[in-house]
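Only one structure is covered here, and it is reproduced in the block below.
The values are calculated or read from the model by the stated rules, or taken from the named source; none is laboratory data. All values reported here derive from a predicted model rather than from experimental measurement. Here the Cβ positions follow ideal geometry from the backbone for every residue, glycine too, while neighbour counts run over all protein chains shown. These accessible areas exclude ligands, DNA and RNA; they are computed on the full protein's heavy atoms, side chains included. Shrake-Rupley method; radii C 1.70, N 1.55, O 1.52, S 1.80 Å.
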Amino acid sequence: MTSSLRRFAPLLALALLLVVPFLATDSYTRHLFIIAFIYAIVAANWNLSLGYCGVFNFGHLTFFGVGVYTAAIAAKTFGITPWLAIPLGGITAAGAAFLIAAPVARLKGIYVVLVTFAVSQLAMQLVLSQSQITGGGEGMVRIPFLQLGDYSFIRDFKFGYYYVALGLLVLSTLFLRFVVQSPFGKALLAVRDAQDYSTARGISVSRQRILVLVLSAIFTGIAGGFYAIYLRVASPEVFGFGTMSLVLSMVLLGGVGTLYGPIAAALALTFLTEALAGIQGFEEARFIVVAVVMVLILRLAPGGLVSLLDRLRPSRPAS
Amino acid sequence: MNSIVATLVSGILLGSLYALMASGLSVVWTTLGVFNFAHGALMMIGAYAAWTVSEGMGLGLLPGILAGVATAALCGIVIEYLLIRPFYGTRHMLLVTVMTTLAALIILEKGAQLIWGAKLKQLPRLVTGDVSIFGATISWHEAIIILLAPIVLLLLWRFTAMTNRGRSLRAVGQNQDAAALIGIDVPYAFAIAFGLAAALAGLTGALLGSIRFITPVMGSEPLVKAMIVVIFGGLGSLGATAGAAYVIGLLEAFLILWIGLYWTPFALFLLMIAVLIFRPNGLFGRA
């Protein structure tokens, strides 16, 4: 019973999400869902490198930011259609991931954290200093939006954008499912759980890490590209601590090393933080709430909320 | 010629600040095996506390600096107690404490913004006026930082190498169980190490608050520089960290002279990557 429920729960959730725009007709609720879908893609892909592969990657938001600025510059400066600018973000993000991964693959422990983190700070400095290209601290505004013929996706209270975002989330999830269930995905778990043994069995750890970082960057960059086109702004905040802690708390809340956990957590936390932002004087303080939530998860349920649910059930081998 | 002397002096000034910052990271790392992402935020708290006592209450700069050091140390001890201690000995302690200290960084930064507001603040200088060193002019305040940093580092080194309490920190860092067996209070040693490092950060912040503006995010740039320093120097030894701090400070000053302010972070970063490819444990670190 529980196993068949597990199999069909994602499909059930998808069916529910497909009808949401017919129930929630105001553009604000739809906007929250769209933002949650974007964060869900970023969190789930971060989980691939952090949770499945065990790479201490703290620069995942760099890939997102690269996607944001690629799409923004491509669409606004070069006039490329947003339909192409968005996937372009995925390509440049994957390229950036490859450049970062090459040195990171050889490092161990805290040095991986330091280098990946320093990369994100460096990316932010690059954006701030090259203001004639990126708009500097002001960011870029009035980026072209999605259109199909004469139909603008902003119309009908973001009806079109909702389904584009949901479609990207579905594609990203199918992609992650494919990666995790492939022999490569099994090898990832093997290395994470028993590195010496897997190396002895012929798995190249550094090659694996490079591949994982590149794979996890693809949909993260595409999500970044969509984020820029959807919001029509690109600002250096995407590299900041605030965004990073928010997405990290989604990974932790959903459970490190699970496929759907971060997606559920992204939806929950987006609505929670937006609700908090609505309270007077909580615009900044909500990040404090997110940070406290993060510590509490680590303290009370290190496997995420999913692990709490599992604890209630009769024990079964971890999948 | 003049510009070279001026660059040397500004490089040594940067190096002094980086050494004060990075030595705190090193002390925490060698004792607890924790990399403290909130270190820059503790520096910022020190600067704000110094400002509140010195300017807000009008009690003067020296009490302000003392208050900054004390407040940062207190915050450090609280962070250790609430965010580090519960995770000792857990399987993913390194990764988990990176996340909890990141959480501490966000709480401190956003908290400071709520308490002190977004308006820029600045501390007065310890001594007004300028001093000329071989034709290069810097303020007396900066000269004091240059003189003070080696003294503080020397005291820190003497403490960890020569006193029983300082040696107990190193013992705990090397082997917690053995240290506990010979009667060292391990949790107390952790609190001391964290408090000491936070005090160093607070001192740096209070000194920097006279040269730069005090903002909630003032700690993030020095933290990244301190990270580059510890990557160069390795995290394991105080001497290597301090040496690397001066090397990076001088290098940064000369890179700014040669290739400009914008490209310096990249040059430093590429250099760091190059070092790590050939020496994964840092330039001066042991394999």
Please give the charge dipole size of chain A, origin at the Cα centre, charges +1 on K and R Cβ atoms and -1 on D and E Cβ atoms. Round to the nearest 20 debye. 920 debye
Which value, in debye to the nearest 20, gives the size of the charge dipole of segment B:47-196 about its Cα centre, when Lys and Arg are +1 and Asp and Glu are -1 at the Cβ? 180 debye
For residue B:263, solvent-accessible area (1.4 Å; no DNA, RNA or ligand), Å²: 120 Å²
What are the extents of the Cα atoms of chain B along their three principal axes, in Å, largest first? 58, 50, 34
Can you name the helices of chain B, as whole DSSP H runs, whose Cα span along the helix axis is 24 Å or more and whose Kyte-Doolittle mean is not below 0.5? B:2-32, B:61-79, B:93-116, B:140-162, B:186-208, B:238-259
How many lysine pairs does the protein assembly as shown hold where the Cα atoms are under 24 Å apart and the two sit 8 or more places apart or on different chains? 7
Considering only A:278, A:51, A:257, give the residue with the highest GNM mean-square fluctuation for chain A, with springs between Cα atoms whenever their separation is below 10 Å. A:278
What's the FRET efficiency of residue A:131 with residue B:120 using the Cβ-Cβ distance as r and R₀ = 25 Å, to the nearest 0.05? 0.75
Accessible surface of residue B:162 in the full protein assembly, 1.4 angstrom probe, to the nearest 10 Å²? 90 Å²
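Sorted by accessible area with a 1.4 angstrom probe, largest first, how do B:100, B:90 fall? Mind showing how you got there, number by number?
On the way: B:100 0, B:90 65 Å².
From most exposed to least exposed: B:90, B:100.
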Where the accessible area of chain B is counted over protein heavy atoms with a 1.4 Å probe, how much of it, in %, is carbon and sulfur? 69 percent
In whole percent, how big is the carbon plus sulfur part of the accessible area of segment A:2-312, probe 1.4 Å, protein atoms only? 68 percent
Rounded to the nearest 100 Å², the accessible area buried between A and B, both sides, probe 1.4 Å, is 3700 Å²
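Please tell me the relative contact order of segment A:2-312 in percent, rounded to the nearest whole number, where contacts are Cα pairs under 8 Å and at least six residues apart. If you can, show how the numbers build up before the last one.
Working: 456 pairs, mean separation 99.3, N = 311.
Relative CO of segment A:2-312 lands at 32 percent.
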Taking springs between alpha-carbon atoms closer than 10 angstrom, which of A:245, A:172, A:152 fluctuates most in the Gaussian network model of chain A? A:152
Of A:161, B:262, B:88, which has the most accessible area with a 1.4 Å probe, and how do the rest follow in descending order? B:262, B:88, A:161
If I model the protein assembly as shown as equal point scatterers sitting on the Cα atoms and use the Debye formula, what is log10 I(q)/I(0) at q = 0.05, 0.08, 0.11, 0.13 Å⁻¹? -0.23, -0.58, -1.10, -1.48
Quick numbers on segment A:2-312, Rg and Dmax over C-alpha atoms in Å, give 19.1, 59
Of B:163, B:31, B:241, the one that fluctuates the most in a GNM where chain B has Cα springs shorter than 10 Å: B:163
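Counting only helical runs of four or more DSSP H residues, what would the 222 nm mean residue ellipticity of the protein assembly as shown come to if each run contributes -39,500 (n - 2.57) and the total is spread over all its residues? Can you show the working numbers first?
Numbers: 25 runs with 431 residues, N = 606.
My calculation for the protein assembly as shown gives -24000 deg cm²/dmol from helical runs alone.
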Leaving out ligands, DNA and RNA but keeping every protein chain, what accessible area does residue B:71 have, in Å² rounded to the nearest 10, with a 1.4 Å probe? 50 Å²
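Going from most exposed to least, what order do B:3, A:182, B:16 have by accessible area with a 1.4 Å probe? Please report the intermediate quantities before stating the final value.
Values: B:3 60, A:182 20, B:16 0 Å².
From most exposed to least exposed: B:3, A:182, B:16.
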